[in-house]
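What follows is a short report on a single structure.
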Amino acid sequence: MTQEFDPRKSYLTLKANEKMVAFVGYSINLEEIEETKQGVVKISSQHRPYGGGILTLTFILDVGDRQDLKNPLNRLFNSLTENTIRPSLGKVFEKMVKVSLDSLEEVKGWYVEEINFHFRAIEDRENVIIEEKLIPALEGCLPFTFDPVQWWPEERRSAPPAGKGIEGQLSLKGLFKKWFGVN
């Protein structure tokens, strides 16, 4: 099933016990792409009742009419494994679970990949784990360059702004800034 991108759909909504933490823009440059592509990563956090927690990173990339880019992107994300990222994340890292949301439901013009990073402890440490460990680890394993992290204000609602899709937005990152209420 192919559909237009709408940020209010399931791949961007939060689970009941999950909270929005941040978002970050990124650039990717692959030989197969022959150009730099821009994307956004939504970062959310989920605390487990028995301790520890999960940081969920949802990678969204505008591929436009270049549907042929999805296979190289799948190969790229498949190259990221627990063994390649474990040395950078340390002993608090437990496991990584990848979900290719793009393979579950084809979204025209977009590539969407979700990666769940399970940690033994993240309580009040999300910022440190994301900025000092997770983002540098991803930059070391993937041909990505990340922008500075945009933190989700604690008092902000989790619902997206009213309106349809991203029509009229300057960029995907612009939509997230509007959604998160940050300048």
Test of understanding: what is the full-extension gain from residue 68 to residue 92, defined as 0.36 nm times their sequence separation minus their Cα-Cα distance?
4.9 nm
If you count, for each residue, the other Cβ atoms within 10 Å and average over each peptide, how do 113-122, 47-56, 135-144 line up from highest to lowest?
113-122, 135-144, 47-56
Under the 7 Å Cα-to-Cβ spin-label approximation, residue 79 and residue 38 lie apart by a distance in nanometres of 2.4 nm
Just list whichever of 37/95; 37/91; 42/108; 19/95; 37/98; 19/98 have alpha carbons separated by over 24 Å in the model shown.
37/95; 37/91
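FYI, it's all coordinate maths here, none of it is from the lab. The shown structure was predicted, so the numbers you read here are calculated from the model rather than taken from an experiment. Using ideal geometry, Cβ is built from the backbone for each residue, glycine included, and neighbour counts are taken over all protein chains shown.
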